[in-house]
1. If you roll a 1.4 Å probe over the heavy atoms of the protein chains, what accessible area per residue do you get for the chain, in Å²?
2. Per the helix-only calculation at 222 nm, which mean residue ellipticity applies to the chain, given -39500 (n - 2.57) for every DSSP H run of n ≥ 4 and division by its residues, nearest 500 deg cm²/dmol?
3. If contacts are Cα pairs under 8 angstrom and at least 6 residues apart, what is the relative contact order of segment 156-209 in percent?
4. Rounded, prolate or oblate: pick one for segment 36-185, where a ≥ b ≥ c are the square roots of the eigenvalues of its C-alpha gyration tensor, a/c under 1.5 means rounded, and failing that, prolate if a/b is larger than b/c, else oblate.
5. Can you list the residues of segment 284-319 with backbone N under 20 Å from a point 7 Å past the Cα of Q248, pointing along Cα to Cβ?
6. Quick one: of the DSSP bridges fully inside the chain, what percent are antiparallel, nearest 5?
7. Apply 1/(1 + (r/R0)^6) to the Cβ-Cβ distance of Y97 and A6, taking R0 = 25 Å, and write down the FRET efficiency to the nearest 0.05.
8. Over the chain, calculate the relative contact order: mean separation of alpha carbon pairs under 8 Å at least 6 apart, over the residue count, as a percent.
Amino acid sequence: MADVHAARRERLRDRCGALAADAALVTRPANVWYLTGAEPDGAALLLTRDRVVLAVPEEVPQDAEGLLLQQPEDVQRLEVPPGADPAVSAATAAARYRVAVLAVEEHDLTVARHRAVAEAAAPARPTDLDRAVEQLRLVKDEEEITALRISAEIADQALGELLESILVGRTERHLAMELERRMVDHGADCAAFPVSIGTGTHAGLAGHLPTDRRVEEGDFLTVALGARYRGYGASAARTFVIGTAPAQWQIDLHAVVFAAQRAGREALQPGTPCHEADRAVREVLQAAGHTEAPPRPVGHGVGLEIAEEPRLGPGDMGKLDARVPVTIGPGVHLPGRGGVRIEDTLVVRPLGEGGPELLTITTKELLAL
């Protein structure tokens, strides 16, 4: 992996050259991870033409579990005293190395922190690195996709085990905690995001935080989960019904969301506008009389962050590239009754390679549990 991270840093150096900058200061944790394979809490990375400096708080141990801090020989570790800002320490190092133009991630810095970095880097002139690293992260290599594939397998396994247990009478909060534990038991670093369990009237709500509501016969049960594996996390959502047989309105609503989600998946092709998947999903939902105001994007990219570029919303004008992992996750919620949400993580692939690669494979059928 050291060679992979070194190659990524060279690509960032090329981006800095295009910005007329001779160094970059990277502070966004996912970007530090992408460029070094390490994510010590609060770390900052200074990348000059001939140096790689990782500024790390002294209290972070070099072998801290989960940090993957296997520091390559060309990465210099700069110890930062307690209470000091690693970004400011890295900027001070930039001044010491006589950097003339320092590109910083302005979107990740507060105004006060940006001012402190600029003062420490003087006489270097700060400029905006913008989202250069996020753009490099957009298209994944096969090693990254393998990590996402394993992440999805872990979540699928944990969910499959939960569905085989007794659910009636258990609370949303307890089920969410059990899923997070099961994912870690199966090799996850942690949950990629807080597990969401929605039952009854809560089912189908996007981003629902689990409560002490108990699962009852006849409920819809919506589960949204993702495992983080070696830094990478996929995302999935499924909706089931509790009891021997679903009601007709539950069958009909699930069928509509299922069809909409399939339409979105089929729209994932290299070169296709990002808003096309959203349009395909929304056409199916609107034809069945379901609208959403304001409309939520039907999906987004995943990787080192669970919601990253690209966005798949009605106003997103970019185009999809091959090897970009994205989610497709439409949902419909009927106030006072509940709803359905179905989400998958897929990797955009050309038709010649079989089309979109589905990573989350737990059945999307309306199972009665």
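The values are calculated or read from the model by the stated rules, or taken from the named source; none is laboratory data. Everything numeric here is computed off the predicted structure, so don't read it as measured data. Virtual Cβ from ideal backbone geometry, glycine too; neighbours counted across all protein chains shown. Note: areas computed on protein heavy atoms with side chains; ligands, DNA, RNA excluded. Shrake-Rupley method; radii C 1.70, N 1.55, O 1.52, S 1.80 Å.
1. The answer is 44 Å² per residue.
2. Result for the chain: -10500 deg cm²/dmol, rounded to the nearest 500.
3. About 30 percent, as a whole number.
4. Numbers: a/c = 2.47, a/b = 2.29, b/c = 1.08.
Since a/c reaches 1.5 and a/b is larger than b/c, the shape of segment 36-185 is classed as prolate.
5. In segment 284-319, the label zone of Q248 (backbone N under 20 Å from the point 7 Å along Cα→Cβ) covers 288-290.
6. Antiparallel bridges make up about 75 percent of those DSSP assigns within the chain.
7. E(calc), rounded to 0.05, equals 0.85.
8. 14 percent
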